[in-house]
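Quick notes on the structure that follows.
Every number here is computed from the coordinates shown, using simple stated rules; none is lab data. Every value quoted in this text rests on a predicted model; they were computed, and no experiment measured them. We place every Cβ from the backbone using ideal geometry, glycine too, and count neighbours over all the protein chains shown.
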């Protein structure tokens, strides 16, 4: 790194230690959801958004309907606004995860959602508590014959990370420094806005969106999932959970279904191809700024059937993905 003008020292590398943390968990319609804790924001905000959605009959609205997409997009705005204010490395800042994942708090946000009218992001602020997508993130899901499950996400951050190879090892170094907030209110490469809680600091770990997630039903593994995708990881994994639980999709259907994303700023509802033009027109009439963009995420998922059979699905959005049994 020093040969390339970097600031990292041998002491920095020697002092690094992996930290084992308790997963973030919550309940959604009788299912238990476990996901990654801070310094990832993924688990907190997946649980937060699910808590908001629990106040609505999503099954009644149906997948791909303008009403269902409106509710989810508005819920995502509130979550990403809170992300910008409160999330950071819990070893350095107090992350109010209990408050953010509190169902009563989610109810106050749900009560502010108008199914017929989108609220501009400029009017949404972090709650008061009691454009780029990288292909350099990898996720894999594993379930064994005994039902033990693992969800793993790791990343270089942006394409080829720093672009620097460590000596002759062939190992690329990441550029996770971009996941810090360089300055409050200034977006990073993914367009995410952060604040002081995620400011750069010695020995701090930057905020991420990685969301390896395990869903449990009646004490048994039911769904294992995760995805690359930068800021869109959270909403990609969220939709896998909602598609499976609320809309009754099997793992392949939930994977293949078109996706959408709102991250508060920019104030834009990003959608993939595959949604009805009439639905998109209705969303625009509700006040959403709809933008048709390229594919989002690349989920790698396993669903466990009632008979214990394992059903895997690799996302067709990526050509190199694979589902395998052994």
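A few comments on the model shown:
- Remark: 113, 24 ranked as 113, 24, counting other beta-carbon atoms within 10 Å and listing the fewest first.
- For the range 193-326: relative contact order, % (alpha-carbon pairs under 8 angstrom, 6 or more apart): 22
- Across the range 1-107, the convex hull enclosing all Cα atoms gives 147 Å³ per residue.
- Converting the Cα gyration tensor eigenvalues of the range 69-108 into ellipsoid dimensions via √(5λ) gives semi-axes, longest first, of 22, 13, 6 Å.
- Cβ-derived FRET efficiency at R0 30 Å, residue 276 paired with residue 123, nearest 0.05: 0.60
- Counting DSSP beta bridges with both ends in the chain, the antiparallel % (nearest 5): 85
- A protection proxy built from the mean count of other Cβ atoms within 10 Å ranks the segments 58-67, 139-148, most packed first, as 58-67, 139-148.
- Ranked by how many other beta carbons lie within 10 Å on average, peptides 314-323, 100-109 from highest: 100-109, 314-323
- Nearest-0.05 FRET efficiency for residue 135 and residue 9, computed from C-beta distance (R0 25 Å): 0.25
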